[in-house]
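Encoded as structure tokens, the structure appears first; notes follow it.
The values are calculated or read from the model by the stated rules, or taken from the named source; none is laboratory data. Here the structure is a predicted model, which means the values were calculated and not measured. Ideal geometry is used to build each Cβ from the backbone, glycine not excepted, and the neighbour counts take in all protein chains shown. In case anyone asks, the SASA skips ligands and DNA or RNA and just uses the protein heavy atoms, side chains included. Shrake-Rupley method; radii C 1.70, N 1.55, O 1.52, S 1.80 Å.
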Amino acid sequence: QGFNAQIAFWRDEIEKHRPALVINGGWVPAKVVGRLGVPFRTLAGSRYKNLHQWAHNEYFENPAVDAAYRALAGSADVAAEIEAPYDSHLTLRGRSVAASSTLDLVRGLADRLLRHAWWNLRGYEKAKGYYMTDEMRYLVLRWRDRRLLEKRATLRLADLSDRPFVYYPLHMEPEIALQGMSPEYFFQLGCIAAISRDLPAGTLLVVKETLAALGRRPADFYDQIRAFKNVVMIDPLEFGLDVVRQCAAVATITGTGGFEGAVMGKPVISFGRHNQYNFLPHVSLVTDESKLAEHIRDALDEDSDYAARQRDGARFLAAVKASSFDLEGFDVLNAASVEDVVVDRAYTALHESLGARLVAAVS
């Protein structure tokens with residue numbers, strides 16, 4: 001009923017005001033305006049440094065990247081290198097590491113207790129909508145999962161120096177970056193089981209947890225993964241980018257590891273149908289799981305042209321850069337502080353994304 005009310009609201013708003021453009025707004029309005037033929041743009045991270053782009057739909061797809069890739073044919077002849085994870089990932093990673101410490105647990109529990117006591121004392125309406133016991137339980141579960149992983153995910157990247165492996169980075173869930181961007185496929189344990197089933201003998205599947213997901217998994221989630229004999233869990237403090245550099249192939253639903261692998265020329269097995277890099281020759285899109293073994297065999301083929309994959313990856317990164325704009329010092333944890341030059345840059349990029357006719361209509 002809630003979704004029906006949202007859909008009805010946005011349909012009525014669009015039909016009443018007939019806007020020339022809708023910016024951001026979330027998944028439901030994006031669906032509605034798409035059906036009504038109104039252009040839609042949403043700000044999306046490009047997964048490289050602090051670059052962002054104007055995506056065209058709720059799946060964060062941007063046809064400008066594909067067009068730029070084709071226009072750049074033959075221009076990128078050297079391998080691309082991603083020096084470090086993108087800026088917002090580093091910011092959120094640092095926050096997640098600090099948030100799972102024992103000291104932060106004590107501080108967090110005290111903060112929630114005092115906060116709710118104040119809300120109840122003042123008679124705030126949100127005292128009824130936020131459940132103190134659930135918030136405190138989450139903090140305890142986050143602390144617990146960090147300790148569980150310290151026992152169950154002790155493997156380091158150096159331990160895999162002589163073993164071929166496929167890398168699967170876990171997604172946080174529920175999360176718009178998983179269920180929202182891949183509504184057709186978001187079954188992580190099923191995905192891991194399928195890959196484990198079809199891996200050739202002697203090849204490992206390496207799974208790495210994302211620190212942002214601590215406290216959100218069922219109690220036996222990690223033990224279910226570790227039950228597969230050819231699946232291992234690596235220390236979550238390892239940088240995913242380093243794991244991508246060493247792996248034979250990346251398997252992902254919508255993860256950044258797939259983007260990084262595609263740029264570096266690593267074979268990518270993509271279960272998400274809306275990933276920006278799916279059109280690349282060295283990316284295998286899984287739409288029929290009965291063909292997964294074939295996709296894995298192609299990804300692990302040692303006779304494939306690695307130099308060609310590197311060139312295609314470098315060209316893809318050049319296309320992403322050409323379709324993006326730099327938000328420089330913009331910080332996702334301090335979104336209220338935005339410099340004028342960044343706003344101007346985003347505004348210019350929006351105009352370019354819309355094209356001349358629509359810009360005139362919006363103006």
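Of note:
- Of all residues in region 224-248, those that are under 22 Å from V263 (Cα atoms) have Cβ atoms under 6 Å from Cβ atoms of residues that are hydroxyl-bearing (S, T, Y), 6 or more apart or on another chain, in V243/Y167; C247/Y167.
- Condition met for D134 (of a type outside the set (V, I, T) and open to solvent by 70 Å² or more (accessible area, probe 1.4 Å)): yes
- Within this structure, A55 fails the test of being modelled with pLDDT of 90 or more, surrounded by fewer than 16 Cβ atoms within 10 Å (Cβ to Cβ) and closer than 30 Å to A20 by Cα.
- Sole residue being under 30 Å from H274 (Cβ atoms) and without any contact (Cβ under 8 Å) to a residue 24 or more places away in the chain, chosen from E150, E125, E81, E175: E175
- Restricting attention to region 178-190 and to residues that are touching a helix residue (DSSP H, G or I) at 6+ places or on another chain (Cβ under 9 Å), crowded, with 16+ Cβ neighbours inside 10 Å and among the hydrophobic types (A, V, I, L, M, F, W, C), the residue that is nearest to V232 (Cα to Cα) turns out to be F186.
- Options R197, R163: the member that is closer than 23 Å to A293 by Cα, part of a helix (DSSP H, G or I), open to solvent by 50 Å² or more (accessible area, probe 1.4 Å) and not aliphatic (A, V, I, L, M): R197
- For P218, the criteria (1) exposed (fewer than 14 other Cβ atoms within 10 Å of the Cβ); (2) in a helix (DSSP H, G or I); (3) not small (G, A, S) hold in every case but one, which is (2).
- Residues in region 246-281 that are open to solvent by less than 10 Å² (accessible area, probe 1.4 Å), polar (S, T, N, Q) and farther than 20 Å from E209 by Cα: 0 in all.
- Residue satisfying all of: in region 31-52; touching a residue at least 24 places away in the same chain (Cβ under 8 Å), aliphatic (A, V, I, L, M) and part of a strand (DSSP E or B); surrounded by the most Cβ atoms within 10 Å (Cβ to Cβ) among these: L51
- The numbered conditions (1) open to solvent by 10 Å² or more (accessible area, probe 1.4 Å); (2) of a type outside the set (S, T, Y); (3) at pLDDT 95 or above are all true for Q310 except (3).
- Condition broken by S284, with the remaining ones in (1) in a loop (DSSP other than H, G, I, E, B); (2) in contact with a helix residue (DSSP H, G or I) (Cβ under 8 Å, 6 or more places away or on another chain) satisfied: (1)
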